[in-house]
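The block underneath contains the structure these notes are about, expressed in C-alpha coordinates.
The values are calculated or read from the model by the stated rules, or taken from the named source; none is laboratory data. Please read all numbers here as calculations on a predicted model, not as lab measurements. All Cβ positions, even for glycine, are placed from backbone atoms using ideal geometry, and neighbour counts span all protein chains on display. In case anyone asks, the SASA skips ligands and DNA or RNA and just uses the protein heavy atoms, side chains included. Shrake-Rupley method; radii C 1.70, N 1.55, O 1.52, S 1.80 Å.
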Amino acid sequence: RQATAAAMTFPTAFAETTRFSTTSADLRYRVLNLYRRYLRHSREFVNSYDLDIPAYQVKTKIRQEFERHRFVQDLATKNVLYMKGQMEFQELVNFWKQQCHVMQYFEDFEHYSTTSGNSFVQKFLKGAN
(Lines give C-alpha, C1' and ligand atoms only; values in the text may rest on other atoms or scores of the structure.)
Protein backbone atom coordinates (compact mmCIF):
# COMPACT_ATOMS: atom_id res chain seq x y z
CA ARG A 1 0.00 0.00 0.00
CA GLN A 2 1.18 3.45 -0.81
CA ALA A 3 0.48 6.30 1.57
CA THR A 4 -0.71 9.57 0.19
CA ALA A 5 1.63 12.54 0.32
CA ALA A 6 -0.71 14.33 2.72
CA ALA A 7 -0.51 11.51 5.27
CA MET A 8 3.28 11.31 5.21
CA THR A 9 5.56 13.48 7.27
CA PHE A 10 8.51 15.02 5.49
CA PRO A 11 10.96 16.40 8.07
CA THR A 12 12.43 18.83 5.58
CA ALA A 13 9.01 20.33 4.85
CA PHE A 14 9.06 22.16 8.19
CA ALA A 15 12.80 22.71 8.41
CA GLU A 16 14.09 26.23 8.34
CA THR A 17 17.64 27.31 7.79
CA THR A 18 19.13 29.10 10.74
CA ARG A 19 19.41 32.76 10.04
CA PHE A 20 19.90 35.69 12.33
CA SER A 21 17.38 38.51 11.99
CA THR A 22 19.16 41.85 11.98
CA THR A 23 16.09 43.98 12.67
CA SER A 24 13.32 43.71 15.21
CA ALA A 25 10.72 44.16 12.47
CA ASP A 26 12.01 41.16 10.53
CA LEU A 27 12.13 39.00 13.64
CA ARG A 28 8.64 40.10 14.67
CA TYR A 29 7.33 39.01 11.27
CA ARG A 30 8.99 35.61 11.62
CA VAL A 31 7.74 35.13 15.21
CA LEU A 32 4.16 35.95 14.21
CA ASN A 33 4.34 33.42 11.37
CA LEU A 34 5.65 30.79 13.77
CA TYR A 35 2.86 31.60 16.22
CA ARG A 36 0.26 31.18 13.48
CA ARG A 37 1.78 27.84 12.43
CA TYR A 38 1.54 26.61 16.02
CA LEU A 39 -2.10 27.65 16.23
CA ARG A 40 -2.96 26.04 12.87
CA HIS A 41 -1.45 22.75 14.01
CA SER A 42 -2.90 22.75 17.54
CA ARG A 43 -5.72 20.35 16.66
CA GLU A 44 -3.22 18.08 14.93
CA PHE A 45 -1.10 18.06 18.11
CA VAL A 46 -4.12 16.96 20.15
CA ASN A 47 -4.93 14.17 17.71
CA SER A 48 -1.36 13.01 17.01
CA TYR A 49 -0.31 12.86 20.64
CA ASP A 50 -3.69 11.59 21.85
CA LEU A 51 -3.96 14.38 24.41
CA ASP A 52 -6.81 14.50 26.90
CA ILE A 53 -6.84 18.26 26.47
CA PRO A 54 -9.14 20.18 24.14
CA ALA A 55 -7.55 22.14 21.29
CA TYR A 56 -8.57 25.48 22.81
CA GLN A 57 -6.45 24.75 25.89
CA VAL A 58 -3.50 23.87 23.67
CA LYS A 59 -3.96 27.21 21.90
CA THR A 60 -4.08 28.98 25.25
CA LYS A 61 -0.85 27.30 26.32
CA ILE A 62 0.82 28.25 23.04
CA ARG A 63 -0.17 31.87 23.60
CA GLN A 64 1.14 31.77 27.18
CA GLU A 65 4.49 30.43 26.00
CA PHE A 66 4.82 33.19 23.41
CA GLU A 67 3.64 35.85 25.88
CA ARG A 68 6.20 34.70 28.43
CA HIS A 69 8.96 36.14 26.24
CA ARG A 70 7.08 39.14 24.92
CA PHE A 71 9.13 41.81 26.67
CA VAL A 72 12.61 40.47 25.88
CA GLN A 73 14.52 43.41 24.41
CA ASP A 74 17.85 41.91 23.31
CA LEU A 75 17.75 41.02 19.61
CA ALA A 76 20.28 38.18 19.97
CA THR A 77 18.24 36.62 22.77
CA LYS A 78 15.06 36.96 20.74
CA ASN A 79 16.75 35.23 17.80
CA VAL A 80 17.76 32.31 20.02
CA LEU A 81 14.22 32.06 21.44
CA TYR A 82 12.81 32.06 17.92
CA MET A 83 15.12 29.27 16.81
CA LYS A 84 14.23 27.20 19.88
CA GLY A 85 10.55 27.72 19.11
CA GLN A 86 11.10 26.70 15.49
CA MET A 87 12.94 23.54 16.51
CA GLU A 88 10.20 22.68 19.02
CA PHE A 89 7.58 23.16 16.31
CA GLN A 90 9.42 20.86 13.91
CA GLU A 91 9.76 18.19 16.60
CA LEU A 92 6.05 18.39 17.42
CA VAL A 93 4.84 18.33 13.83
CA ASN A 94 7.12 15.47 12.82
CA PHE A 95 6.03 13.45 15.86
CA TRP A 96 9.57 13.23 17.22
CA LYS A 97 8.31 13.63 20.79
CA GLN A 98 6.38 11.33 23.03
CA GLN A 99 3.13 12.18 24.76
CA CYS A 100 4.86 12.63 28.12
CA HIS A 101 7.11 15.32 26.62
CA VAL A 102 4.11 17.27 25.33
CA MET A 103 2.20 16.87 28.59
CA GLN A 104 5.05 18.50 30.53
CA TYR A 105 3.83 21.83 29.17
CA PHE A 106 0.50 21.28 30.91
CA GLU A 107 1.74 19.97 34.26
CA ASP A 108 0.74 21.86 37.34
CA PHE A 109 3.80 22.15 39.55
CA GLU A 110 1.92 23.39 42.63
CA HIS A 111 1.85 19.89 44.10
CA TYR A 112 5.67 20.02 44.33
CA SER A 113 5.60 22.97 46.69
CA THR A 114 7.50 22.38 49.92
CA THR A 115 6.20 25.50 51.65
CA SER A 116 3.03 23.84 52.87
CA GLY A 117 3.25 21.42 55.77
CA ASN A 118 1.05 18.92 53.96
CA SER A 119 3.33 18.24 51.01
CA PHE A 120 4.70 14.77 50.41
CA VAL A 121 8.26 15.88 51.19
CA GLN A 122 7.23 17.52 54.47
CA LYS A 123 5.29 14.43 55.52
CA PHE A 124 8.20 12.20 54.55
CA LEU A 125 10.69 14.27 56.52
CA LYS A 126 8.39 14.18 59.57
CA GLY A 127 8.03 10.42 59.24
CA ALA A 128 4.26 10.61 58.78
CA ASN A 129 2.36 8.10 56.68
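Among the residues of the stretch 43-52, which ones are outside any helix (DSSP H, G or I) and either at pLDDT 95 or above or open to solvent by 20 Å² or more (accessible area, probe 1.4 Å) (or both)? Outline the logic, then answer.
Step one: of the stretch 43-52, the residues outside any helix (DSSP H, G or I) are 49-52.
If the condition is that a residue be outside any helix (DSSP H, G or I) and either at pLDDT 95 or above or open to solvent by 20 Å² or more (accessible area, probe 1.4 Å) (or both), then 50, 52 are the ones that fit.
Tally time: how many residues in the stretch 82-100 are under 20 Å from residue 40 (Cα atoms) and part of a helix (DSSP H, G or I)?
Counting residues in the stretch 82-100 that are under 20 Å from residue 40 (Cα atoms) and part of a helix (DSSP H, G or I) gives 13.
Looking only at the stretch 20-40, decide whether some residue is aliphatic (A, V, I, L, M) and under 19 Å from residue 107 (Cβ atoms).
Let us first name the residues in the stretch 20-40 that are aliphatic (A, V, I, L, M), namely 25, 27, 31-32, 34, 39.
Okay, now just the ones that are also under 19 Å from residue 107 (Cβ atoms), so none.
No: zero hits.
Just need a number here: residues in the stretch 53-79 that are more than 15 Å from the chain's Cα centre (by Cα) and part of a helix (DSSP H, G or I).
Adding up the residues that qualify gives 5.
Within the stretch 65-104, which residues are open to solvent by 50 Å² or more (accessible area, probe 1.4 Å), closer than 15 Å to residue 34 by Cβ and not aromatic (Phe, Trp, Tyr)? Break it down stepwise before answering.
Restricting attention to the stretch 65-104, the residues satisfying the condition of being open to solvent by 50 Å² or more (accessible area, probe 1.4 Å) are 65-71, 73-74, 77-78, 80-81, 84, 87, 91, 95-96, 98-101, 103-104.
Filter again for closer than 15 Å to residue 34 by Cβ, leaving 65-70, 78, 80-81, 84, 87, 91.
Hits for the stretch 65-104 are 65, 67, 68, 69, 70, 78, 80, 81, 84, 87, 91.
Could you tell me whether the stretch 26-42 includes any residue that is small (Gly, Ala, Ser) and either touching a residue at least 60 places away in the same chain (Cβ under 8 Å) or surrounded by 11 or more Cβ atoms within 10 Å (Cβ to Cβ) (or both)? So that I can check it myself, show each step before the final result.
Within the stretch 26-42, the subset small (Gly, Ala, Ser) is 42.
Restricting the remaining residues to those that are either touching a residue at least 60 places away in the same chain (Cβ under 8 Å) or surrounded by 11 or more Cβ atoms within 10 Å (Cβ to Cβ) (or both) gives 42.
Looking through the stretch 26-42, at least one residue is small (Gly, Ala, Ser) and either touching a residue at least 60 places away in the same chain (Cβ under 8 Å) or surrounded by 11 or more Cβ atoms within 10 Å (Cβ to Cβ) (or both).
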